[in-house]
Each structure stands twice: as structure tokens, then as C-alpha cells.
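Colleague: Pasting a structure here, questions to come.
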Amino acid sequence: MSNKTGLKQFVAKPARLPTQNDQTIIRRIHSRCFNTIGNSILTISVVVLGWYVISAALDWAVFNAVWHASTRRECMNISPEGACWAGVISWFNGLIYGRYPTDQQWRINLGFILAVMWLFPLSCQKIAYRNFILLSWIGLYPFFGAYLFLGGTFGVDIGVFHGVLTCLASGFFILLYANWLLAILNKPHLCEIFQPLASRLFNRWSQPLCLLFVWLVLSLPAAAVLSQVQLQPVAIERWGGLFLTLIIATFAITMSIPIGVILALGRQSTLPVVHWLSLLVIELVRAVPLITVLFMAVTLLPIFLPSDMELNKLSQVLFAVCIFAGAYMAENIRGGLQAIPRGQYEAAQALGLGYWFTMLLIVLPQALRLMIPNIMTSFISILKDTTLVSIIGLFDIMLMARNISNDKDWIGLHTEPIAMISILFFVLCYSMSQYSLNLEKRLKVDRS
Amino acid sequence: MTLQNRSATTPEPHGRAIEISGLNKWYGAHHVLRDISLDIAESEIMVVCGPSGSGKSTLIRCLNHLEEYQEGEVSVFGHTLQRNTQSDRYIHQTIGMVFQSFNLFPHLSVLQNCTLGLTWLRKKSDSEARDIAMSLLERVGIANLADRFPGQISGGQQQRVAISRSLAMEPKIMLFDEPTSALDPEMVKEVLDVMVNLAKTGMTMVCVTHEMQFARQVADRVVFMEDGEIVEVGPPEQVLLNPQWDRTKEFLDHIL
Ligand SMILES: Nc1ncnc2c1ncn2[C@@H]1O[C@H](COP(=O)(O)OP(=O)(O)OP(=O)(O)O)[C@@H](O)[C@H]1O
Ligand SMILES: [Mg+2]
């Protein structure tokens with residue numbers, strides 16, 4: 001073939017499918033597990049060993065287990081070899097809610113449902129002020145949650161500051177869902193609707209002022225409703241079980257990122273005071289076991305604080321766990337910061353982005369994404385570490401579980417509650433690690 | 001797009017864009033820039049060439065505060081630079097830079113790379129920033145890639161995004177540090193075409209490059225550097241075709 005120029009014309013060969021490499025399952029097993037004598041022996045011994053362990057565990061936990069009984073003695077009489085799940089079942093409510101009054105437990109359920117619902121609108125890409133959702137969840141929801149869980153009347157048990165923030169949180173929640181609905185319907189969001197009005201009133205800052213205005217207006221009905229409702233007060237001492245564990249863990253996990261970022265940036269800072277202070281906090285906290293940090297928070301913190309400021313045990317524990325988690329997170333984040341090539345800083349500087357913009361827009365987003373696996377590992381260990389708070393007397397799930405064996409009906413029932421907690425933690429931690437894998441794939445820094 | 005001599009289309013240079021006098025820089029005891037004095041006029045296209053390690057990158061990085069220097073003075077439109085690398089708003093607003101390794105922000109889409117500075121520094125609204133960025137991407141011929149990520153486009157395309165990203169901030173001076181030397185030959189042309197078009201708009205440009213074709217066609221002056229010193233400066237015909245120094249001739253024989 002030749003064209004006008006006299007050169008041969010290049011035509012690519014037609015593409016074809018790759019040759020199929022279809023191995024049957026049996027052949028695959030054979031080629032991987034039984035390809036040599038050594039491998040065959042290894043495979044067989046692993047299978048046999050696995051069979052013994054698993055069948056023994058299943059016998060105890062399922063086949064010989066007792067599900068209905070009213071005391072441990074009864075369990076023993078029915079099946080001395082099996083697990084006595086009846087005890088765990090009768091204490092199940094306590095494991096989840098601690099000593100929270102039974103008729104008030106709907107508040108905990110509602111609180112957790114709202115916390116999750118607060119994050120749903122994140123799934124919508126088009127929603128207005130999407131960046132604020134996480135921020136509001138960290139900054140506003142805790143006040144609302146604290147009100148819901150503590151109960152009490154506005155102005156009496158709930159301080160003015162706390163009350164106002166609770167109303168603002170409710171207002172924001174309504175705004176969020178209204179905007180979500182409008183975004184789904186492809187309508188302009190609430191603030192845009194009032195924008196013409198706002199820009200007539202104020203010539204500068206009309207957009208943020210409009211948002212503020214709509215938010216305040218939505219908070220008013222919330223305030224009216226909330227001030228009429230009287231929730232029965234529940235003292236913090238009665239909080240417990242998985243509920244308390246999750247509160248501490250969620251708090252520590254969400255706070256560990258901002259604390260970690262601040263400490264990591266502080267450690268890299270060229271200002272000597274900031275640098276040494278961050279270094280001191282990081283190294284001190286990391287050199288000490290969590291239990292000691294917890295004890296120090298409970299015993300030392302009240303000494304440092306002004307005497308008229310009285311902190312409850314939960315706030316002290318939250319403080320300790322946050323600092324602890326933050327110091328570890330700081331090292332994770334520092335690792336991420338170091339992995340960012342210098343060219344990124346230079347490009348940002350050449351564009352004129354100052355230190356904070358460079359960090360917030362360019363460096364941290366990349367560093368955090370690079371570190372997702374490590375950060376998730378830290379999150380998981382924070383969740384597991386929170387069980388240590390039982391040592392200083394918070395009735396978290398661990399202490400509740402140990403209490404079962406002190407109950408006169410279930411005296412000496414140790415193994416089953418622990419097994420139950422292990423399963424629960426496995427489910428929680430495993431879902432976190434699966435979620436992290438998913439996140440890692442979705443947020444890869446260079447989407448090549 | 002055809003390459004053509006720009007002197008016919010651009011106004012005569014006037015005023016001084018950059019003045020460098022007695023610039024000296026050391027890395028430890030290593031003297032990398034030695035008594036550099038050079039003036040660059042407004043709308044001038046200056047090409048800097050020289051062997052590896054001669055201090056070309058260091059020189060142009062000193063012009064926009066990416067590198068500190070120990071002696072001498074650099075001023076941009078009469079504004080004198082501090083010697084340290086503290087960020088200087090005026091300089092970053094006036095000077096844009098394009099790097100050899102593109103340095104795009106990999107976690108942002110092509111469009112977001114270009115709108116970033118506009119929304120956060122120039123406080124433009126989203127739609128305004130988008131329009132500006134799209135028209136720039138159009139100008140460099142990659143508007144269709146606006147929603148891709150840097151990892152999903154070729155090197156030549158990435159470098160064109162980097163140029164648009166700088167241009168979005170409306171700089172008066174553009175610095176190019178070997179913008180084409182990390183590219184395959186076929187992509188070099190697409191980037192050079194963009195630079196030639198930019199030169200025609202009257203932008204002041206300082207380009208470190210070994211593309212002598214480009215230098216001959218658009219440069220007003222060519223600087224040849226060796227061991228941290230300026231050996232020769234002059235119009236491209238003089239420096240490239242009729243060098244006065246043996247070292248320049250030797251270098252040119254190598255790369256031409
Ligand atoms: N950060 C640094 N620390 C110490 N020495 C450096 C540093 N950066 C550059 N140098 C040295 O300074 C000299 C000039 O480097 P520069 O990068 O400016 O050269 P160049 O002309 O751009 O070379 P190339 O063509 O390879 O890019 C070289 O000898 C180099 O080894
Ligand atoms: Mg260089």
C-alpha cells in the first residue's frame with residue numbers, strides 16, 4: 001500500500017482479546033496448595049488444625065450454648081460445657097446503655113441517629129456549603145448531643161451558652177436538610193432565595209450575612225420548641241456501656257485530627273517557642289502509657305485549673321484521650337507532610353499562596369490522603385484504647401461487662417461477656433478498616 | 001500556529017522590568033552565582049542557556065523569592081526584593097513561574113488547579129474564576145481536559161496547564177525553568193507554541209531553555225552562563241551564530 005507521497009501507509013493490526021486462561025478451581029487449588037510434597041503436608045496440617053480449633057469454638061459458642069436461663073446455675077445444669085449467653089442477653093441493655101434510665105434510652109438512640117443523619121447530606125455533591133457539614137458536625141453537634149443526653153431545662157441545668165448553641169445546632173440541622181432537599185430538586189438553595197433581599201440591605205458581605213440570617217431564623221422555632229420541652233435530667237455518672245465508649249472514641253477520633261495537624265505543623269515551625277512546645281507535648285505524651293495520662297488528667301488537672309472550675313470525670317477523660325490521640329496523630333501527619341515534594345511548596349509560593357493557604361489547600365489535603373491507612377490504624381487503636389477508661393471508674397462497656405460477674409445471679413460469668421465484647425469490637429474495627437480501604441481508593445492523591 | 005519573528009508584532013520594549021546588580025549567592029562555600037548584573041526590559045524575551053550546574057535555575061529562582069542570596073540587589077519594577085525568602089505579595093503577584101517538573105497539584109482537577117489562586121487570593125466568585133480559567137485553558141488548547149486530574153494527562157498537557165495556572169494570576173513577568181526538558185519531542189512543540197503565542201502578547205519572559213530554535217525565533221536577547229557567571233549577553237544572532245567566547249561556541253556546538 002502506498003499513498004501519493006510514495007511512502008508506505010502505516011495501518012495498525014486489529015486488536016484482539018487476550019488469550020483466556022481458564023483454570024478450574026480444582027486445578028487452581030492443586031497448583032497453589034499441593035504443588036510440592038512440603039506444601040501438601042503444610043496444607044493438610046493447617047486444615048486439620050483449623051478444623052479442631054473452629055469445631056471446638058463452635059461447640060462452645062453455638063451447639064452447646066444456653067440462650068435462655070435466669071441464673072448461671074441454671075446454665076450449668078443445662079449444659080456445663082457450653083457458653084452461657086443467657087447472662088449476656090439479660091445484661092445486654094446495660095452493656096449498650098450503661099445505667100441510663102430505661103425509659104430515657106430513646107434519647108440515646110435518637111442522638112446517634114441524628115449524628116449519623118447529620119452526615120448524610122455529604123453524599124450530595126451539589127449541596128450548598130458542603131464544606132460546613134463536617135465542621136458543624138464537629139463544632140455544633142456535640143452541644144446538641146450533650147443537651148439531649150444530659151437533659152434538663154434551659155436556663156436551669158443547661159447554661160445560656162450551651163442552650164444557645166443547642167438551638168443553633170438544631171437550626172443548622174434544619175437548614176442542612178432544607179438545602180439538601182432543594183439540591184435534590186435542583187432548586188436554588190435557601191440562602192440564594194433570600195440573596196436579593198440581603199444584597200439590598202447590606203452592600204458588603206451580603207452572602208455570609210444572608211447565610212447567618214437564614215440560619216438564625218431557622219434556629220428561632222427550634223429554640224421555641226426546645227425551651228418548652230422538659231427532658232428528665234440524667235447525671236453523667238449514669239452514662240455508660242457502648243454508648244459511653246462510642247462518645248469517648250468519636251470525640252477522640254474527631255479531635256485527634258485537628259490537634260494532630262496543629263502539633264505537626266508546630267513541630268515543623270521555624271518559630272522556636274512553637275517548635276519546642278509542640279515537640280515537648282508530642283514526646284511527653286508518646287513516652288507515657290495511656291493509663292498514666294488518664295490518671296494524671298483525673299488527679300492533676302483539677303489542681304492546675306482554677307478552684308471554682310469543677311470538671312466532671314468525663315471531661316477530664318475526654319481531655320486526656322484527645323491529647324493522647326492527638327500526639328500520635330501528629331506523628332502520622334508529620335510523616336505525610338514529609339512525603340510532599342518540595343515542588344508543591346514552590347509552586348504554591350510562586351502562585352502567591354501564603355503559609356496557611358499552602359498548608360490548608362495544597363499540603364494537608366495531600367498529606368492526609370497519603371496517610372489514610374496510618375490514620376485509620378490510629379483511629380482503630382483509639383477505639384480499642386478507650387476501654388481503658390474503665391480503670392478510672394467510668395462505666396464504659398468494659399466495666400459493665402466485668403460487672404456481670406458480680407451480679408448475684410451471674411456470679412463468675414467472665415468469659416461470655418468478654419467474648420461478646422470481642423465480637424462487637426471486631427465488627428466495629430473491621431468495618432472501619434474496610435471503610436478505610438474504600439476511602440483510600442476513592443481519594444487517591446493522583447488519580448491516574 | 002506558525003512560528004514567526006515577534007519583533008514585528010510586539011511594541012518596542014520600554015521601561016525596566018527586572019534589574020539585577022552585583023548578585024552573589026553561595027550554597028555553603030560553593031559560589032553558585034558570581035557578580036551577576038543584568039537588566040531585563042518590559043516585554044523583553046530573555047533566554048538563558050548554559051551547561052548543567054552553571055546556575056541558571058538558581059538565578060531565575062532568585063528573581064521570585066524561591067531562593068535567598070547573600071549579596072547584591074534585585075528589583076522588580078522598582079520594587080527591591082528582600083534577600084531572604086519571606087513571601088512577598090508584590091513579587092508573587094507580578095511574577096509567574098513554570099517549572100521543569102510541572103508541579104501541578106495532583107489532588108485537584110485541571111480546572112481547580114487554575115481557579116485555586118483566583119478564588120482564594122483574588123476572591124473571585126466561583127463562576128467568574130471558572131470563566132477566566134476556561135478561557136485560558138482554551139487559549140492553550142486543552143479546555144476539553146478541564147475535569148481530568150493531572151495524573152490523567154500527558155506531560156505536554158500538564159505543562160500547558162501549569163502555564164495557564166500561572167497566567168490566571170495575571171502576572172507581568174513569566175519565568176520558565178526548562179519547561180520542555182522533561183517532555184518527549186512531540187510534546188515539546190505544543191508547549192513551545194504556547195510560549196511563542198505568549199511572547200506575542202508582550203509578556204516579559206525569562207526562559208531557561210536549550211531550545212535554540214525557540215531562542216532564535218522569539219528571544220530579544222540570549223544570556224550564556226557558565227560556572228555562575230554570565231559569559232555573554234546579546235541578541236540571538238550574535239550569541240548563537242557569532243559567539244565571542246570559546247566556551248560559548250563549544251557549548252553551542254554540543255547542543256545544536
Ligand atoms: N539546594 C542546593 N544545595 C547545594 N547546592 C546546590 C543546591 N541547588 C543547586 N546547587 C548547586 O548550585 C549549582 C547551580 O545549580 P542550578 O540548579 O542553578 O544549575 P542549572 O544551571 O539550573 O543546571 P541544570 O541545567 O542541570 O538545571 C550546581 O552546582 C548545584 O550543584
Ligand atoms: Mg536547572
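Colleague: For the pair B:Asn144/B:Ser181, report the inter-label distance in nm, with labels modelled 7 Å from Cα in the Cβ direction.
Modeller: 3.3 nm
Colleague: Provide the per residue accessible area, probe 1.4 Å, for chain A, rounded to a whole number of square angstrom.
Modeller: 59 Å²
Colleague: Quick one: net charge around B:Cys62, please, counting Lys, Arg +1 and Asp, Glu -1 for every other residue with C-beta under 14 Å from its C-beta.
Modeller: Cβ neighbours under 14 Å give a net charge of -4.
Colleague: Placing +1 on the Cβ of each Lys and Arg and -1 on the Cβ of each Asp and Glu in the protein assembly as shown, which of A:Ser70, B:Val223, B:Gln244 has its Cα farthest towards the positive end of the resulting dipole?
Modeller: Going by the charge dipole, the pick is A:Ser70.
Colleague: Per the Kirkwood definition applied to all pairs of different Cα atoms, how many angstroms is the hydrodynamic radius of segment A:376-448?
Modeller: Here the Kirkwood hydrodynamic radius works out to 14.4 Å.
Colleague: Right, here's the next one. Determine the dipole magnitude for segment A:1-156: charges of +1 sit on the beta-carbon of Lys and Arg, -1 on that of Asp and Glu, nothing else is charged, the reference point is the Cα centre, and the result goes in debye to the nearest 20.
Modeller: Approximately 1240 debye in magnitude.
Colleague: Also: Could you order B:His254, A:His30 by accessible surface area, starting with the largest, using a probe radius of 1.4 Å?
Modeller: B:His254, A:His30
Colleague: Could you tell me the total accessible area buried at the B-A interface, probe 1.4 Å, in square angstrom to the nearest hundred?
Modeller: Separately minus together, B and A give about 2100 Å² buried.
Colleague: Please report, as a whole percent, how much of the solvent-accessible surface of segment A:101-233 comes from carbon and sulfur atoms (probe radius 1.4 Å).
Modeller: Of the solvent-accessible surface of segment A:101-233, carbon and sulfur hold 72 percent.
Colleague: With all protein chains present, calculate the accessible area of A:Ile340 using a 1.4 Å probe and round the result to the nearest 10 Å².
Modeller: The value for A:Ile340 is about 10 Å².
Colleague: In terms of modelled amide H atoms, which long-range or inter-chain residues lie less than 5 Å from the amide H of B:Met97?
Modeller: Those lying under 5 Å, H to H, from B:Met97 are B:Leu175.
Colleague: Moving to a separate point now. Lys/Arg Cβ at +1, Asp/Glu Cβ at -1, dipole of the protein assembly as shown taken about the Cα centre: which of B:Val208, B:Leu59, A:Ile411 is farthest positive-ward?
Modeller: Most positive-ward Cα: A:Ile411.
Colleague: With Cβ to Cβ distances under 10 Å as the rule, what net charge do the other residues near B:Val74 carry (K, R +1; D, E -1)?
Modeller: Every neighbour counted, the sum reads -1.
Colleague: In segment B:135-173, which residues become less accessible by 20 Å² or more once every protein chain is in place, relative to the chain on its own, using a 1.4 Å probe?
Modeller: When all protein chains are present, B:Phe149, B:Gly151, B:Gln152, B:Arg165, B:Met169 each give up 20 Å² or more of accessible surface.
Colleague: When DSSP beta bridges are limited to those with both residues in chain B, what percentage is antiparallel, rounded to the nearest 5?
Modeller: 55 percent
Colleague: Which percent of the Cα-Cα distances in chain B go past 32 Å?
Modeller: Across chain B, Cα pairs with separations above 32 Å total 20 percent.
Colleague: Taking the Cβ of A:Arg73 as the centre, find all other residues whose Cβ is under 14 Å away and add up their charges (Lys, Arg: +1; Asp, Glu: -1).
Modeller: Every neighbour counted, the sum reads -1.
Colleague: Among rounded, prolate and oblate, which fits the protein assembly as shown when a ≥ b ≥ c are the square roots of the eigenvalues of its C-alpha gyration tensor, a/c under 1.5 means rounded, and a/b larger than b/c means prolate?
Modeller: Prolate.
Colleague: Okay, next question. If we sort A:294-300, B:104-110, B:83-89 on the protection proxy, mean other Cβ atoms within 10 Å, highest first, what's the order?
Modeller: B:104-110, A:294-300, B:83-89
Colleague: Rank B:Asp147, A:Asp407, A:Asp385 by accessible area, highest first, at a 1.4 Å probe radius?
Modeller: Greatest to least solvent exposure: B:Asp147, A:Asp385, A:Asp407.
Colleague: Rounding to the nearest 20 debye, state how big the charge dipole of chain A is about its Cα centre with +1 on each Lys and Arg Cβ and -1 on each Asp and Glu Cβ.
Modeller: Rounded to the nearest 20 debye, it is 2160 debye.
Colleague: At 1.4 Å probe size, with every protein chain present, just tell me what the per residue accessible area of segment B:188-256 comes to in Å².
Modeller: Accessible area per residue, segment B:188-256: 43 Å².
Colleague: Other chains near B:55-65: what is the mean number of their Cβ atoms within 10 Å of each residue's Cβ?
Modeller: So the per-residue partner count for this stretch is 1.
Colleague: Residues of segment A:336-359 that become at least 50 Å² less accessible with every protein chain present than in their own chain isolated, using 1.4 Å: which are they?
Modeller: Hits at the 50 Å² cut-off: A:Gln344, A:Glu346, A:Ala347, A:Gln349, A:Ala350, A:Leu351, A:Phe357.
Colleague: Heavy-atom accessible surface, probe 1.4 Å, ligands and DNA/RNA ignored: which residues of segment B:97-116 lose at least 30 Å² versus the isolated chain?
Modeller: B:Phe99, B:Asn103, B:Phe105, B:Pro106, B:His107, B:Leu116
Colleague: Give the shape of segment A:1-119 as rounded, prolate or oblate, defined through the alpha-carbon gyration tensor: a ≥ b ≥ c are the square roots of its eigenvalues, a/c under 1.5 means rounded, and otherwise the shape is prolate if a/b is larger than b/c and oblate if not.
Modeller: It comes out oblate by the Cα gyration axes.
Colleague: Taking DSSP loops as anything outside H, G, I, E and B, show the longest stretch in chain A free of GluC sites (Glu not before Pro) there with at most 10 other beta carbons within 10 Å.
Modeller: A:82-309
Colleague: Rounded if a/c is under 1.5, else prolate if a/b beats b/c, else oblate: with a ≥ b ≥ c from the C-alpha gyration tensor eigenvalues square-rooted, which is segment A:109-201?
Modeller: Cα axes put segment A:109-201 in the oblate bin.
Colleague: Same structure, new question: If each DSSP helix of 4+ residues adds -39,500 (n - 2.57) and the sum is divided by the residues in chain A, what number results at 222 nm, nearest 500 deg cm²/dmol?
Modeller: Dividing the helical sum by the residues of chain A leaves -21000 deg cm²/dmol.
Colleague: Tell me, how many Å apart are the Cα centres for segment A:83-97 and for segment A:377-419?
Modeller: If we compute the Cα centre of each part, the gap is 12 Å.
Colleague: Now, a different point. Sum -39500 (n - 2.57) across every DSSP H segment of at least 4 residues in chain B, then divide by the residue count to get the 222 nm mean residue ellipticity, nearest 500.
Modeller: -10000 deg cm²/dmol
Colleague: Got a sec? Charge dipole of chain A, +1 on Cβ for Lys and Arg, -1 for Asp and Glu; which of A:Pro188, A:Val234, A:Phe92 is way out at the positive end?
Modeller: A:Pro188
Colleague: Using a simple charge model, +1 on the beta-carbon of Lys and Arg, -1 on the beta-carbon of Asp and Glu, nothing else, what dipole does segment A:64-170 show about its Cα centre, in debye to the nearest 20?
Modeller: Result for segment A:64-170 is approximately 240 debye, rounded to the nearest 20.
Colleague: Taking all protein chains together and a probe of 1.4 Å, list A:Arg200, B:Arg139, A:Arg130 from the most accessible to the least accessible.
Modeller: Per-residue accessible area, sorted high to low, gives A:Arg200, B:Arg139, A:Arg130.
Colleague: Run through the DSSP bridge list for the protein assembly as shown and note the antiparallel percent, rounded to the nearest 5.
Modeller: Among the beta bridges of the protein assembly as shown, antiparallel pairing accounts for roughly 55 percent.
Colleague: Then there's this: Could you derive backbone 3J(HN,Hα) for segment A:109-116 from the dihedral phi with the Karplus parameters 6.51, -1.76 and 1.60 (θ = phi - 60°), listing whole Hz in sequence and x where the residue is Gly or Pro?
Modeller: Running phi through 6.51 cos²θ - 1.76 cosθ + 1.60 with θ = phi - 60° gives 4, 4, x, 5, 4, 5, 4, 6 Hz.
The values are calculated or read from the model by the stated rules, or taken from the named source; none is laboratory data. Note that the structure is a prediction, hence the values are computed from the model and not measured. Cβ sites come from the backbone with ideal geometry, for glycine too, and all protein chains shown count toward neighbours. Calculation scope for accessible area: heavy atoms of the full protein, side chains included, ligands and nucleic acids excluded. Shrake-Rupley method; radii C 1.70, N 1.55, O 1.52, S 1.80 Å.
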